Every structure is written in C-alpha cells, then in structure tokens.
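The next block holds one structure in the form of structure tokens; read it before the comments.
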Amino acid sequence: MEIVFLRKNFSYYCDVNEKHNQFTSRVNALFEAHGVKNLTMDQVAIDLGISKKTLYEMYRDKAGLIWEVLNFRLHECKHTPPENINAIEFLMHIRKTIILCIQEMPAMIIQDLHRYYPGILQNYMRQKRMHILSAMRVNIEEGIVQGLFRKDINPDLVARLYILMVEAVLEQRGHEDFQKLNELITYHVHAISTQKGIDFYHNHVMPKLKTDE
C-alpha cells in the first residue's frame, strides 16, 4: 500500500515538474520574441492558458520567472562531452559550451537584464562562471595525471585566470570574434602543458579549430 502511494506521488511530481519545464521553455520563447521588459505577467498567463493566481504559485514574481528562465537557458546550452577524451580535448568541449551560451542569448535579453534586472544578470553570470570554473579545475587536475599538463601549476588559480581571460576577450570583441577565443586556448595550452600536451594539441586539436573557423 505504501509503495503504491509513493509511486503515485513520484509520478505526480514528475508530471508537475515536466509541466513546469514546459512552461519555462515557453516563457523563454516569449522573452526572445518580446524582450524581458515588455513582457508582462498578464501576457504570460494568457499565453500559457493559466490564471495569474496559478502563475504566481509557480513563480513568485516576474524576477523569479526571469531567474527560472535563465537557469533553463543555462541548462540548455550545456552538452555532454564525448567519452574517453583527454584533458586537452575537454578544453574544446568547454569552448563549445561557452560559444553555445553566447550564441543562444539574444542581445535584446542581455540589454534588458543589464538595464532593468542587473542583480539577476550578475547572479546568472556568477552561476555560469562557477559551473565552468568547476569543470576547468577538475580538467586541469586530470590533465596533470595524464601527463599533459605540468605538475607545478595550481589548478584553481589557472582555472580562474583562464575564465577571466575568456570573459575579457569576449567582452572586448563584442561576443562574436571566436577566432580570438581560439588564440586564447592556444596560449593557455602552451602556458600549462608539458611537451606531450603541446604536441597533442598541435597534431590533433589545432587542425579541428582551423576547420571550425
């Protein structure tokens, strides 16, 4: 009896969670079409086919709705790296994630967030940065074990410096010049790699970067 009850509860939770994700995905599309500032909670409720009361039960206010959408976007721009890749190949995975996050965020949304919801934008950027930082730190540690990265580097410091450099390059170039991002990766690899790592990068990774340009 208890097991049946738990299964029903789990099924109900999954259904509710799925519906919530569908709503968030739809609101994301509305933000892309109308912008963050111009879209009202009344318009959202009408488009979703629910009452404003139900909408506010799901999202505490417009700021909460925006935060949910940004988290949804962050999840959508992630992709699973191929299996059995080494630490240098994983840098290409990080590169692709960064590019996806940039390309899939319309300039209108960024402008609205920067002007009307700067706190939410800062928190979103911080969360995205921490996600990449964690992945970079682990990757550097694995690269040391694989003999691709030097043993005398500080994984946490190197990961933080790399993220700062990436953000500086993308901000300076208007978020579009990914050639500069490729140059930064080359600089980064040369700075932290053993000769084994450098050789692998030039023989197996750089040709792929040139193909992507």
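So how far, in whole Å, is the C-alpha centre of the range 187-204 from the one of the range 81-103?
16
Under the Karplus relation 6.51 cos²θ - 1.76 cosθ + 1.60, θ = phi - 60°, what is the ordered set of whole-Hz ³J(HN,Hα) values for the range 128-136, x standing for Gly and Pro?
5, 5, 5, 4, 5, 4, 4, 5, 5
Mind putting a number on the dipole of the range 18-94 about its Cα centre? Charges go on the C-beta only, +1 for Lys and Arg and -1 for Asp and Glu, and I need it in Debye to the nearest 20.
For this selection, approximately 340 debye.
For residue 193, what residues show an amide H to amide H distance below 5 Å, using hydrogens built from the backbone and excluding near sequence neighbours?
The list, which skips near neighbours in sequence, is 150.
Measure nothing fancy, just the Cα-based angle from helix 107-116's long axis to the longest principal axis of the chain, in degrees from 0 to 90, nearest 10.
Tilt relative to the chain: about 70 degrees.
Would you compute, from DSSP H runs of 4+ residues alone, the mean residue ellipticity of the chain at 222 nm, taking -39500 (n - 2.57) per run and dividing by the full residue count, rounded to the nearest 500?
Helices in the chain give a 222 nm mean residue ellipticity of -25000 deg cm²/dmol.
Could you work out the Kirkwood radius for the chain, taking every pair of different alpha carbons, averaging 1/r and inverting it, reported in Å?
Value: 19.8 Å, from the Cα pair sum.
Given a 10 angstrom Cα cut-off, can you work out which residue in 186, 40, 54 is the most mobile in a GNM of the chain?
54
Under unit Cβ charges (Lys, Arg +1; Asp, Glu -1), what dipole magnitude, rounded to 20 debye, does the chain have relative to its Cα centre?
Computed charge dipole of the chain: roughly 320 debye.
Throughout, read-outs are computed from the coordinates displayed, never taken from laboratory work. Since this is a predicted model, take the numbers as computed values, not measurements. Every residue, glycine as well, gets a Cβ built from its backbone with ideal geometry; the counts of neighbours run over all protein chains shown.
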